[in-house]
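The values are calculated or read from the model by the stated rules, or taken from the named source; none is laboratory data. Keep in mind the model is a prediction, meaning the values are calculated, not measured. No Cβ is skipped: glycine too gets one built from the backbone with ideal geometry, and neighbour counts run over all protein chains shown.
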Amino acid sequence: MAKVVLHIGTHKTATTTIQDMFAHNAALLAEHGVIYPRLGRAAGHHGLVADWNRWLQGYAVPGGSLARLTQL
């Protein structure tokens with residue numbers, strides 16, 4: 001069974017650093033069974049909640065985040 005791990009950090013808890021490192025090493029992670037999806041133009045996954053948060057519309061995933069996640 002697949003496992004989903006979320007790091008939802010508050011300001012200044014290394015969230016951006018973690019996202020950047022995972023995005024940069026996505027191919028290496030995939031070799032070890034870890035999927036770090038590219039959901040938009042940013043390394044982070046702000047787009048996952050852009051469908052529900054109007055303040056994050058700049059991060060919206062084309063087609064909607066739920067549709068993109070079901071493709072994974």
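What number of residues in the range 8-43 are closer than 21 Å to Leu66 by Cβ and charged (D, E, K, R)?
Number of matching residues: 2.
Restricting attention to the range 42-59, report how many residues are under 21 Å from Val4 (Cα atoms) and not in a helix (DSSP H, G or I).
Summing the residues that are under 21 Å from Val4 (Cα atoms) and not in a helix (DSSP H, G or I) in the range 42-59 gives 7.
If I filter the range 7-20 down to residues being exposed (fewer than 14 other Cβ atoms within 10 Å of the Cβ) and among the hydrophobic types (A, V, I, L, M, F, W, C), which single residue comes out as nearest to Leu48 (Cα to Cα)?
Per the criteria, the residue is Ile8.
Please work out if Arg38 is of a type in the set (Lys, Arg) and part of a helix (DSSP H, G or I).
The answer is no for Arg38.
Any residue in the range 1-28 that is part of a loop (DSSP other than H, G, I, E, B) sitting within a Cβ distance under 9 Å of a residue that is surrounded by 14 or more Cβ atoms within 10 Å (Cβ to Cβ) and among the hydroxyl-bearing types (Ser, Thr, Tyr)? List the pairs, counting only those 6 or more apart or interchain.
Listed pairs, sorted by first residue: His7/Thr15; Ile8/Thr15; Gly9/Thr15; Gly9/Thr16; Asn25/Tyr36.
Out of everything in the range 23-60 that is at pLDDT below 75 and touching a Leu at 6+ places or on another chain (Cβ under 8 Å), what residue ends up being surrounded by the most Cβ atoms within 10 Å (Cβ to Cβ)?
The qualifying residue surrounded by the most Cβ atoms within 10 Å (Cβ to Cβ) is His45.
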